[in-house]
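Written below as structure tokens is the structure these notes are about.
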Amino acid sequence: MIDLNLPTYCANHPGVETSLRCNKCGKPICAKCALRTPTGYRCKECVRGQMKVFETAVWSDYLLGVPTALVLGFLASLLASVVSGLSFIGWILIVIGAPTAGMVIAEGVRRVTRKHRAPALFISVATAVVVGALPVIILNLVSFNLFGLIFQGIYLFIAVPVVYTRLAGIQLSR
């Protein structure tokens, strides 16, 4: 039983008096240690443990997701290069097509990884999209195709964050 007359000190900072406790494990925590969650304040250890529950990716997801992102990223990069030769219509198509390409890549990866999740997987896939575009970027560099390079930059600038946010489930609006 907790004696309400005695002061309670933070488990991580023994010199800091507190009346706050983690709502999951009951450990006394100070304001520096407390993390606000939708269900109340929790200690960092409990939050970290809860986050691990949502990381479901296994090693085979990397073996499937990264090559899928490489191939789809390469194909989308080729399309961006083709669009660069369409003058004004090309600008409109790249602005509309890059987010669409990002969504297609993310959904392709999500399908082959069976919707498994992990921040490291999301970063690996986003990196694979960039690496998949490198052959087309190098080809544009060698051929001195300035518009091709600009379109590749626009494509990557828009598509890579779309891939990451789509896989991570980040919502910018409710």
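Read the figures in this text as sums done on the coordinates, not as results from a lab. Everything numeric in this text was worked out from a predicted model, so none of it was measured. Here Cβ is always computed from backbone atoms with ideal geometry, including for glycine, and neighbour counts include all displayed protein chains.
Note that region 152-159 has calculated 3J(HN,Hα) couplings of 5, x, 5, 4, 5, 4, 8, 6 Hz, one per residue in order, obtained from phi through the Karplus relation 6.51 cos²θ - 1.76 cosθ + 1.60 (θ = phi - 60°); glycine and proline are x.
Express the relative contact order of region 6-110 as a whole percentage, based on alpha carbon pairs under 8 Å and six or more residues apart in sequence. Present the calculation step by step, with values, prior to reporting the outcome.
Numbers: 91 pairs, mean separation 16.4, N = 105.
For region 6-110, the relative contact order is 16 percent.
Under a 5 Å amide H cut-off, with hydrogens placed 1.01 Å from N, T8 pairs with T18 among residues at least 5 apart or on other chains. Simple point charges give the picture: +1 on the Cβ of Lys and Arg, -1 on the Cβ of Asp and Glu, and for the chain a dipole about the Cα centre of about 540 debye. Using C-alpha pairs under 8 Å with a sequence gap of at least 6, the mean separation divided by the residue count of region 55-168 gives a relative contact order of 44 percent.
Let me make sure I get this right: for region 39-127, a, b and c are the square roots of the gyration tensor eigenvalues over alpha carbons, sorted descending. Under 1.5 in a/c it's rounded, otherwise prolate if a/b > b/c, else oblate. Which is it? Prolate, because a/c is 1.5 or more and a/b exceeds b/c.
Estimated at 0.36 nm per residue, the fully extended path between R48 and L146 surpasses their Cα-Cα distance by 30.6 nm. Seen from a random direction on average, the alpha-carbon convex hull of the chain projects onto 14.3 square nanometres.
The sum of -39500 (n - 2.57) across all DSSP H runs of n ≥ 4, divided by the residue count of the chain, sets its helix-only mean residue ellipticity at 222 nm to -22000 deg cm²/dmol. Taken over the chain, lysine pairs spaced eight or more positions apart, or on distinct chains, with alpha carbons under 26 Å apart number 9.
Given a cut-off of under 8 Å on Cα pairs at least six residues apart, what relative contact order in percent is computed for region 8-53? Don't skip to the end; give the middle numbers.
Numbers: 67 pairs, mean separation 12.8, N = 46.
About 28 percent, as a whole number.
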